[in-house]
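Here's the structure, in structure tokens; my notes come after.
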Amino acid sequence: MGVTQHGHTLRLDLADPTLREWTCTVVHVDPEQGIVLDRSAFYPGGGGQPPDHGVLLWQGTQTRIVGTRKGDDLYLVPADGDPVPPVGTAVTGAVEETRRTLLMRTHSGLHVLCGVVFRDFGALVTGNSMEPGEARMDFNLPEVPADFKARLEELVNVEVTADRSVAVKVLPRVEALALPDIIRTQSNLIPADEQEIRIVDIVGLDVQADGGTHVASTAQIGKVQVVKVESKGKANRRVRVRLVG
């Protein structure tokens, strides 16, 4: 399974994160698991980023997609009660624009946060989660300066307004793991059998392995507010952020 192929499904979301509508064919339907397409721009979730929502349009009918299940295939979960297109049906897929774009901005904002904390405070990530427009990231940071919250917000927004390019590339495993500091989490979460690794590079700030969708430059993130810094154990600090505007 390559980076852009999962089971029977070609991952259009990774090839072009701006794609919101496309044509495809239903290749499998499982009453318990969901719908499998030959091509899909639905981000299936992972790395803290939730799955996309959207619709499938076919023969004058609409099927709402409310989630995903990952296994040997990528299964799209239809809303309860919605009709399911049979195998072989040509459909048009459409991702919910507002949710996806806000998640892309949020995810890129977390990478800026991660890059700043690693660069200026030397801390690795211990966990994260996000919803559209808000997120939290945990760091192994035993000592926290008194002005940490305000200082962090200022530093993050300096990088946002710098309009740094966000570049994505796929490298062979050996080449990717040779990059310095590519793993920004305290534990290496890259599967041992993954032979290709997707790299997200906020140019001049942060380079790390990542499988999510991102904006093209940091200026598209918008202003980041550090809402709260919490202690979650002896050395663990949780930073809660949200996008403003």
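Coordinate-derived values only; no laboratory data. For clarity, every value in this text was computed on a predicted model and none was experimentally measured. Quick reminder, even Gly has a Cβ in these numbers, built from the backbone with ideal geometry, and neighbours come from all protein chains shown.
Per-residue packing, averaged as other Cβ atoms within 10 Å, sorts the ranges 131-144, 197-210 into the order 197-210, 131-144, beginning with the highest. Between 0 and 90 degrees, the angle of helix 148-161 with respect to the longest Cα principal axis of the chain falls at about 60 degrees. By the rule of a C-alpha distance below 29 Å, with chain neighbours fewer than 8 residues away ignored, the lysines paired with K234 are K149. Label zone (A162, point 7 Å along Cα-to-C-beta; backbone nitrogen cut-off 13 Å) within segment 112-153: 112-120.
The E21 and A178 beta-carbon pair, evaluated with R₀ = 25 Å, returns a calculated FRET efficiency of approximately 0.05. Note on A235 and E194: with the Förster distance fixed at 25 Å, the Cβ-Cβ geometry gives a FRET efficiency of about 0.30.
Taking the C-alpha atoms only, the angle from helix 97-121 to the longest principal axis of the chain is near 30 degrees. Here the label points at L57 and K223, each 7 Å from Cα along the C-beta direction, are separated by 3.7 nm in the simple model.
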